[in-house]
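Below: one structure, written as structure tokens.
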Amino acid sequence: MSYHGSKDTSVVVVVLETTEVYIVISLSTRRDTQVVYVDPTTGALRYLGKHGEDVFDSEAAALNYITDGSRILSKSTTYAKAVLGYAVLGSYALLLVATQLSATVPNLPGGGCIYTVAESQWIKIQLQNPQPQGTGEQKNIRELADLDIDGKYYFSETRDITRPFPSRMTLWEPDEEFVWNEWLSKPFKDIGLPGHCVILLQGFAECRNFGGAGQQGGLVALIARRSRLHPGTRYLARGLNACSGTGNEVECEQLVWVPRKGGQHVPFNSYIWRRGTIPIWWGAEIKNAVSVEAEIYVADDPYNGSLQYYQRLSRRYGNKSSEANVSRQKKSGIVPIVCVNLLRYGEGKTESVLVDHFKESIQYMKSTGKLGSTWIQLINYDWHATVKSNGQQKTVEGLWRHLKAPTMAIGLSQGNYYDVRHQLKECKGSIICNDDINGGFCMESIQNGVIRFNCADSLDRTNAASYFGALQVFVEQYAMFGLSSRYSEYDSRNARSLPPGWEERFDSVTGKSFYIDHNTRTTTWEHPCQEAPQKPWKRFDMTFDQFKGSTMLGPVNHLAELFLLAGDIHATLYTGSKAMHSEILNIFKEETGKFSKFSAVQNVRITVQRRVHNYFNDSSRQKQLEMFLGLRLYKHLPSIPMFPLKVLSRPSGCMLKPVPSITPMADGGSSLLSFKKKDLIWVCQQGADYVELFIYLGEPCHVCQLLLTVSHGVDDSSYPATVDVRLGSSIDTLKLVVEGASIPQCSNGTNLLIPLTGRMDPEDLAVTGKSARPNVRESTYLPLLYDFEELEGEINFLNRIVALSFHPSAVSRTPITLGEIEVLGVSLPWADMLNNSGRAPQFMEILHKKQSNTHCDLGLKSFANSSGPGNDSHGSEGSYMKSSSSVQPGGSENLLDFLTGDFNISKPHITEHTSFDNGEQTNFLDDGFDVNPFAPALEVPVPEVNNQGKGLNFEEMMKLEIKRLHLGLSAAERDRALLSIGVIPATVDPNHSVDYPYLLKLSSLADNLALLGHAVLEDRVNASIGLEEGSEHTIDFWNLSENDESCYDGACEVRVPSSLQSSATGENRSVFVECYQCERTVCKACCAGRGAFLLLNTYKDLKIYGGSQGGGYSALADNFVCKSCCSEIIKRALYVDYVRVLQSLRRKDRAEKAALNAVNQVCQLESSKISDLSQSIQSGQRQLKQILDGEESLAEFPFASFLQMVESDHDSEPLFSLLAPLGSGNYKSYWKAPGDNTSVEFSIVLGGLSDVAGVAIIVSSCGYSTSDCPIVEIWASNKIQREDRTFIGKWDVQDIISSSPQFCGPEKSSSMSEEPRHIKFHFPNPIRCRIVSIKMTLHHTGSRSTKFSEEFDLLSLGDSSFYESKPTNQHNSFIHAKRIIVFGSSLRKEMGPDTSGAIMRMNSYLDRSPPLGRFRIPVEAERLRDNDLVLEQYLLPNSPGIAGFRLDFFNVIRPRVTHSPSSSELDTREFSLTRLEDGYVNQAILYMQVTIVKESGKLVVEEYRLPEVKANTPLYFNFPDLQQDVRCVIFRLLGDVTAFVDDISELDGLNFRNLPLASGLSLSNRIKLYYYADTYEMGKIGSFSAV
């Protein structure tokens, strides 16, 4: 049980003067306080769970820690009551908090409170991330922050209120249909704090006290939950959608209970009903803002999804306790769903078309035979017509007559709450208990079925009718507690309370009153109201006046008040205005008549207000709701990554080598990594040719980006001009990944993002033709379909050290200056995998699945009919898995088999050498393939689409790519295979194979298909909520394979001829569907993928299927179309999209293999141990506690690592296992050095600057013998230079074991509960350091040499540095250990030395010389060509020498979505191991190539690798030399230009991009040439030409 204290939850959002943001949360359910840090660069939330760092005993202690005890340091403080959500949106993060709450249902039976958000605040956090964002995206972010939350959302901190009361589930298992902040709460779940962001519901929740004079009162609560399956506004969310949800769908619950004092049971009962629009596909459209009537239209297939809607209701309201002993309840197994339709159905009424379809839909449902135990009844009751003809009172009476039978049949739920569980043993009904409550609920009866009310909008009529239905139930609920709903004796003497036609008189003989009924001319001694019904539900038969006269009106009016408030909330959410026709809810009040005229006027005013509001604001509000729910983000926020990167260079990163500076700095340069000192200008030594930095990262990671903050004085040329980047897991494994990346000169404080890829194989660069970019010929070739020559950089999740070499600008006249440096990347969830006993088994299970499936599994689960993320079956590509293997040399042979085949073209049979399962003939490259293998790639004749056997046609090229990707081959491996048989790769590039206009159209269709695919997936995931998992259809989204399947004949009426001889697989022979277009029966082989149908019908019925928002019509993805009804270009678009998906899966597969490799380098995976993992981790943590004896562990992986690698024996545990937490890996295993290594040295970089007290070595399970006892020497240091380290001491383990024989020999006990054998080496005094070096040397009889000489420099990485000759080991002994533990105490926060004085001295070196200014060189003429990617500027004669050029950066974005989703995208949403997105694996990099044409005809070519900056930021690039006598300058934008698009959110409909290229990449008006001159000499006139 969690701690339920009396305190309220408190949230404090602190913004420091440094702009850093901390979220301090003290939950009412916990005693402690958590501090969540918002990374100021990427917005990622950081929480480690370390006491004293982000866990504190009190809020005051946490605030004191953040502000260093001085509130002056905080810029702003926001006090709140709850966190409602958080989202990272590129350059901004939004935090939503509730600043004021109202306890609207203060004490539910069993405890718990429902809070309504009274006031909320969106806190906008500006991030340092310079991710390019379009103006449309930024506008959408502003709109999201304008979403009105106040009064319309509610939550409970301790109870599940997403289900009918009492819920069988805990708070952390909510019904997703009613959770509105699931997307916004995900960041808190990802850091292991799910409870710190509440589960938010939209709707209404309030309660009222009731009770007559002299009797105990009760409480009635009205809880209305709005479904999120069809969110949106009045004219954009009507009827059904692709999620089988209806517009304005609300579940209402009327909960009545009588509070009791402690120890007594609490009786309660509840009644549920639904309200929503008609569950068919329909819509309404207002032609203009003053239209009187909206036009109603119904879809061609109006009942698509109706069945799923009713099935969802049946599953939710079917009595699930039939097996339990529930008294007073029938168990027929039938679930009644009664639909009360209040629409007008008179002749000529616009709504009558809906009534007819509603009747037909229910007949259709019944005819399908799929309703099972669900029984649907439709009651049509024209509310407006009845009120108009019969008046309000008769209308209510008529409704009661209709509702009597259904209400009695459905019943309500009734039970008692017991606060002690043992009392439940005597309970005769079903019992409901969960971890959220102390006691339990004993249910005497449970409601079975539901009544559903609807009008056109599920608003005013619906609210009124549901009130009068609920009122009858309320009176019964009231009576069930023995409370009288009739008038008391005191009231009965009041003549006014008599029903009409009755009179009270006094009998003088008896002294009693008697009553005369003038209606029937009878008398009675009994007050007529005392004859109120005793039988249940009797009041349904009463007239309105009888009901009013015989019922206490106080509680009735309280209930009416709740319905009035709820009606206004639902109307405001749906229409933006309050409810109309609400005066009927006050019908029981005496003064009702006074308001009728006022109400009529108010109704007219609200009608006009609604119409105008809906016409102008609906689409904007619809977008707000979709973003709030995390829907259609690919459209509204296209560039936002799903998972923000982490900044791994802080907080615990450090510099391993002092950064040279013009004045001595005590911190050695680590302040360059600190965000707190982001304004720092670091001045290096004068005259340095380059500056080298060695950054140790806080966690091992795959490095994705380098973020530099430009810092300089007045002269901006002091900042470096280029940077080289090397990465590695240790200092001796560094690899060059970027050489000479350009750093333009720009204004102080500009953030430059340099994308980093892993190391690329030079051979791959050469074979793909991407190594010679500067010499590329002019070409209009654009890989619009997909990147045919995609390069693959190494993915390494163990990168720990980043070496940066900065080179100065050629024109620099001052020392190099540096600013803040950040390294961004993706780290594996090490803490969860190694330390979290709850989540580690989950991760290890995923890893084992990956390990057992070592081949490149690119099978695709089709999502077009998947009913949820749990479905794990494969689509039609499963059969190609058998021939695939891991990426290895043998893979390309398979591709060669595929290309050539070992057979003669005249023979139809196939030989045994081919790599197919089904034996298709695949000789594409026959004798007619006429290619000169020695011709340059650009001179190859481009094959036509159909060229009678000359080369491959488009489909064959795509099948070749599909086969290549199924085999797990990279583009470079494919190219090598092609070249080995004399085929030039460019001749099989599909981007070359079609003419240009056709290419543009095909690319556009494939882009549209990508967005449609994501809409389908999103809708399918949401549609699966509340339903059973469905089976997957054999025909998937693409229905493609690398080989043709032949028609199955038989029942197939289409019979598309196959281009190749092929056979049908047995399991697919019986798959037949109907073509939606021609209505013929079609087999799987002759059917196009489901995506084809979507492309054919994209712009059909947009009004109903979602309009420009795109994707509502994804409901149509259940339909099929045959290949003969499909145009060729649509079939080809499916091929393009499918290859894009396979490419993405290959990237994901590579990332997963890299993750698996990283984990195996830390601890070997053993499947047999997964079940014991939780226990093993907990035992390991207990053992560590025993060893530490109150100290802290300072060298645990992943926070600590080795500075250089140490060789391990072939059967040893990995090196990193020495630092892995106890409990991970095999209990008996240990690390050992090769037998011939008699001396090893471990240089361990600690997790942070620490006061080290000593080192402990956990003895291996083999124990020590006299021959393998090492001599241990220990040093401490802060930098990597050996001469700076401090010698701590020398210990001989042989001496230790002579007095402690328990260390000798194999371990006798393998109990995890005992303290492991270990040797502690205590330091004489604690020493403050970051690096601890431990050298172990075995005893030798002869002379010996240590592994490193004292002069050895770790940074000179030549092979000769290492001592190679190793003495032979005569005793077959070896160095070994199980774990190395460094203990002491870590320093909190950034407790480095004070550098403020040195920084001030540094600044004094700046701004000494008056700078030169840049002035524009006039251009005689300029010309744009090649899609505006090439700019030619012609200069005037005698122009000044050109110093460089200014580029105003492009206004483009890189979209996250580029292809339809695969099944793995579902898995990533739920639970991901790597969280490495496509955009970071395959980085898009732009280059600017500048060709300078001299008057002499000489050419000078320069190339600049462009960083990413915010749009329109001016960047200045200096040429290495001043360029004189220039005639023309040609600028070419090269690189991944097709990866960038204009802001999608500003484009109409389903457009993905402006083709062929983003207009934001145009060089028009972006480039200016300049020269340098003295600003003073140029004067005021010259300043006009400054750039």
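Screening Ser1201 against (1) modelled with pLDDT of 90 or more; (2) open to solvent by less than 10 Å² (accessible area, probe 1.4 Å); (3) more than 34 Å from the chain's Cα centre (by Cα); (4) not β-branched (Val, Ile, Thr) leaves a single unmet condition, (3). Of the residues contained in region 1167-1185, none is found to be open to solvent by 40 Å² or more (accessible area, probe 1.4 Å) and assigned to a loop (DSSP other than H, G, I, E, B).
Based on what the data block shows, is Ile161 in contact with a Ser or Thr (Cβ under 9 Å, 6 or more places away or on another chain), modelled with pLDDT of 90 or more and within 30 Å of Pro267 (Cα to Cα)? Yes. Within region 364-413, the set of residues being in a loop (DSSP other than H, G, I, E, B), out of contact with any strand residue (DSSP E or B) (no Cβ under 6 Å at 6 or more places or on another chain), of a type in the set (Ser, Thr, Tyr) and surrounded by fewer than 17 Cβ atoms within 10 Å (Cβ to Cβ) is empty. Taken over region 813-840, the criterion of being open to solvent by 30 Å² or more (accessible area, probe 1.4 Å) and more than 25 Å from the chain's Cα centre (by Cα) is satisfied by Arg813, Thr814. Scanning region 251-281 for residues being of a type in the set (D, E, K, R) and free of Cβ contacts under 8 Å to residues at least 40 places away in the same chain gives a total of 2. For region 1366-1392, the set of residues classified as open to solvent by 70 Å² or more (accessible area, probe 1.4 Å) and either outside any loop (DSSP other than H, G, I, E, B) or modelled with pLDDT under 60 (or both) consists of Lys1366, Thr1368, Gln1370, His1371, Glu1390, Met1391, listed by residue number.
In region 790-814, which residues are over 16 Å from Ile743 (Cα atoms) and at pLDDT below 85? Within region 790-814, Arg813, Thr814 qualify.
Among the residues of region 58-77, the ones that are part of a helix (DSSP H, G or I) and either of a type in the set (Asp, Glu) or under 20 Å from Ser10 (Cα atoms) (or both) come to 9 in all.
Ala145 meets the conditions (1) open to solvent by 40 Å² or more (accessible area, probe 1.4 Å); (2) at pLDDT 90 or above in every case but one. The failed one is (1). Of all positions in region 1124-1139, at least one carries a residue that is modelled with pLDDT under 90 and open to solvent by less than 20 Å² (accessible area, probe 1.4 Å).
All conditions but one from (1) part of a loop (DSSP other than H, G, I, E, B); (2) under 41 Å from the mean Cα position of the chain (by Cα); (3) within 22 Å of Leu459 (Cα to Cα) apply to Ile337; the one that does not is (1). Within region 75-102, the set of residues being in contact with a Phe, Trp or Tyr (Cβ under 6 Å, 6 or more places away or on another chain) and open to solvent by less than 20 Å² (accessible area, probe 1.4 Å) comprises Leu94, Leu95, Leu96.
Being assigned to a strand (DSSP E or B) and aromatic (Phe, Trp, Tyr) is the filter; apply it to region 1276-1305 and report the residue that is farthest from the chain's Cα centre (by Cα). Looking at the filtered set, the residue picked out is Trp1291. Restricting the first member to region 1276-1287 and to residues that are more than 13 Å from Lys1335 (Cα to Cα) and in contact (Cβ under 8 Å) with a residue 40 or more places away in the chain, and the second to residues that are open to solvent by 40 Å² or more (accessible area, probe 1.4 Å) and in a helix (DSSP H, G or I), the beta-carbon pairs closer than 7 Å and six or more apart or on different chains are Ser1277/Asp1284. So, in region 1224-1252, exactly how many residues are touching an Asp or Glu at 6+ places or on another chain (Cβ under 6 Å), open to solvent by 10 Å² or more (accessible area, probe 1.4 Å) and part of a strand (DSSP E or B)? Total meeting the criteria: 1. Looking at (1) modelled with pLDDT under 90; (2) open to solvent by 30 Å² or more (accessible area, probe 1.4 Å); (3) in a loop (DSSP other than H, G, I, E, B), find the lone condition where Tyr1576 falls short. Every condition holds for Tyr1576 apart from (3).
Could you go through region 1058-1070 and let me know if any residue there is at pLDDT 75 or above and either surrounded by fewer than 23 Cβ atoms within 10 Å (Cβ to Cβ) or within 17 Å of Leu1095 (Cβ to Cβ) (or both). Checked against the condition, which is being at pLDDT 75 or above and either surrounded by fewer than 23 Cβ atoms within 10 Å (Cβ to Cβ) or within 17 Å of Leu1095 (Cβ to Cβ) (or both), region 1058-1070 yields no hits at all.
Contact annotation: residue pairs with Cβ atoms under 7 Å, 6 or more positions apart or on different chains, pairing a residue in region 70-83 that is in contact (Cβ under 8 Å) with a residue 24 or more places away in the chain and closer than 18 Å to Gln100 by Cβ with a partner that is open to solvent by less than 50 Å² (accessible area, probe 1.4 Å) and polar (S, T, N, Q), are Ala80/Thr99; Lys81/Thr9; Lys81/Thr99; Ala82/Thr9. Remark: pairs (first residue in region 731-743, in contact (Cβ under 8 Å) with a residue 24 or more places away in the chain and of a type outside the set (Phe, Trp, Tyr); second residue surrounded by fewer than 19 Cβ atoms within 10 Å (Cβ to Cβ) and not in a loop (DSSP other than H, G, I, E, B); Cβ separation under 7 Å; 6+ apart in sequence or on different chains) = Val738/Asp724; Gly740/Thr722; Gly740/Asp724; Ala741/Thr722; Ser742/Thr722; Ile743/Thr722. Is it the case that region 555-570 has a residue that's at pLDDT below 85 and open to solvent by 10 Å² or more (accessible area, probe 1.4 Å)? No, region 555-570 has no match at all. For region 728-766, a residue qualifies if it is touching a His at 6+ places or on another chain (Cβ under 9 Å) and either farther than 16 Å from Ser711 by Cα or in a strand (DSSP E or B) (or both), and the qualifying residues are Gly740, Gln745, Gly758. The criterion of at least 2 residues that are more than 33 Å from the chain's Cα centre (by Cα) and crowded, with 24+ Cβ neighbours inside 10 Å is met, among strands (runs of 3 or more DSSP E) falling completely within region 175-264, by 250-257. Ser1260 - would you say it is of a type outside the set (Lys, Arg), under 30 Å from Val1159 (Cβ atoms), buried (at least 21 other Cβ atoms within 10 Å of the Cβ) and modelled with pLDDT of 90 or more? Criteria not met by Ser1260. Could you tell me whether any residue of region 1002-1023 is over 16 Å from Tyr1135 (Cβ atoms), assigned to a loop (DSSP other than H, G, I, E, B) and within 23 Å of the chain's Cα centre (by Cα)? So far as region 1002-1023 goes, no, none of its residues is over 16 Å from Tyr1135 (Cβ atoms), assigned to a loop (DSSP other than H, G, I, E, B) and within 23 Å of the chain's Cα centre (by Cα).
Evaluating Phe1287 against the criteria (1) in contact with a strand residue (DSSP E or B) (Cβ under 6 Å, 6 or more places away or on another chain); (2) open to solvent by less than 70 Å² (accessible area, probe 1.4 Å); (3) modelled with pLDDT of 80 or more leaves one unmet condition, (2). The set of residues in region 651-660 that are open to solvent by less than 20 Å² (accessible area, probe 1.4 Å) and either on the phi > 0 side of the Ramachandran plot or not β-branched (Val, Ile, Thr) (or both) comprises Gly653, Cys654, Met655, Leu656. Is it true that Val105 is crowded, with 23+ Cβ neighbours inside 10 Å and touching a residue at least 24 places away in the same chain (Cβ under 8 Å)? Answer is no for this residue.
The values are calculated or read from the model by the stated rules, or taken from the named source; none is laboratory data. Note that this is a predicted model, so its numbers are computed, not measured. Quick reminder, even Gly has a Cβ in these numbers, built from the backbone with ideal geometry, and neighbours come from all protein chains shown. Calculation scope for accessible area: heavy atoms of the full protein, side chains included, ligands and nucleic acids excluded. Shrake-Rupley method; radii C 1.70, N 1.55, O 1.52, S 1.80 Å.
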